[in-house]
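Below: the structure, in structure tokens.
The values are calculated or read from the model by the stated rules, or taken from the named source; none is laboratory data. Given the structure is predicted, the values throughout are model-derived calculations rather than measurements. Here the Cβ is made from the backbone with ideal geometry for all residues, glycine too, and neighbour counts use every protein chain on show.
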Ligand code: PDD
């Protein structure tokens, strides 16, 4: 296995970051995660665009141009011989004596690694998963892909301990999103409901592509918030993320969704997404 650190491709045991890295001390950094299928990065331009935005919002200079990022990502995928899985990349403000104020003249720390895993054909994608709802305990700038993920770590662990595979986070009675995914329901009339973009959620790249595919397919879209009660009563539910694409949800808080099997619209959207990715 080969990982990337500050311009070098290295074995993981040689890729070391000092304890004074601001990512380690302050979670002072941002990240991206890109799906890989058939050895190709899915929606990479959109991921790099979101990275540019995250970096700008927390005022870290982007260390690479879009074409440089792409070349490095592709090189990493190639060196690992990865055909299917996930590419993780992270930029922190760099290494400096611990002090809250931005350090001067410090280069950002850039890391990347790949994780080989099945995405196209998994038990979750075939059979669907269970989710449970938890309070959304995150900060106000969820639109930034911050490496500060403690609220999501606790939410997802709670979900696992309750026998579910994802947590749906809830604020003021409305679902915001999953611990590491965007949240969707399908109404009994067959329209898709998804929360509009705002500071309350991450602008999911898979969400964006899925909405485009749905529109092209003539599926009715309702971009609005939905409550937990509405989700319990939905015909179908699903999540999207770069690492899983489209995954059906067959139960929420132990209540069966629809007939407890992946629904037809979810299945169709998953197919459309896979076709686009390939
Ligand atoms: N998570 N919402 C949150 C809070 C996320 O962390 C993610 C992605 C998404 C989906 O976004 P996208 O479609 O761009 O992957 C939504 C990644 C996969 C992760 O942290 O592993």
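Checking the conditions here, which among 114, 133 is more than 21 Å from residue 184 (Cβ to Cβ), touching a helix residue (DSSP H, G or I) at 6+ places or on another chain (Cβ under 9 Å) and outside any helix (DSSP H, G or I)?
114 is the lone residue from the list that is more than 21 Å from residue 184 (Cβ to Cβ), touching a helix residue (DSSP H, G or I) at 6+ places or on another chain (Cβ under 9 Å) and outside any helix (DSSP H, G or I).
Here is a yes/no grid of residues against (1) surrounded by fewer than 21 Cβ atoms within 10 Å (Cβ to Cβ); (2) in contact (Cβ under 8 Å) with a residue 60 or more places away in the chain; (3) assigned by TED's automatic domain parsing to the domain that holds residue 138:
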| position | (1), (2), (3) |
| --- | --- |
| 177 | no, no, yes |
| 180 | yes, yes, yes |
| 233 | yes, no, yes |
| 246 | no, yes, yes |
| 249 | no, yes, yes |
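Condition first: more than 15 Å from the ligand (Cβ to nearest atom) and in a helix (DSSP H, G or I). Now tell me which residues in segment 172-218 satisfy that.
215, 216 - these are the residues of segment 172-218 that are more than 15 Å from the ligand (Cβ to nearest atom) and in a helix (DSSP H, G or I).
Of the residues that make up segment 130-139, is at least one over 22 Å from residue 164 (Cβ atoms) and within 15 Å of the ligand (Cβ to nearest atom)?
yes
Take segment 41-65 and flag every residue that is more than 23 Å from residue 142 (Cβ to Cβ) and surrounded by 15 or more Cβ atoms within 10 Å (Cβ to Cβ).
41, 63, 64, listed by residue number.
Tell me, yes or no, whether segment 78-97 has at least one residue that is out of contact with any strand residue (DSSP E or B) (no Cβ under 8 Å at 6 or more places or on another chain) and in contact (Cβ under 8 Å) with a residue 40 or more places away in the chain.
yes
Could you check segment 251-264 and list, in sequence order, the residues that are crowded, with 21+ Cβ neighbours inside 10 Å and in contact with a helix residue (DSSP H, G or I) (Cβ under 9 Å, 6 or more places away or on another chain)?
Within segment 251-264, 252, 257, 262 meet the criteria.
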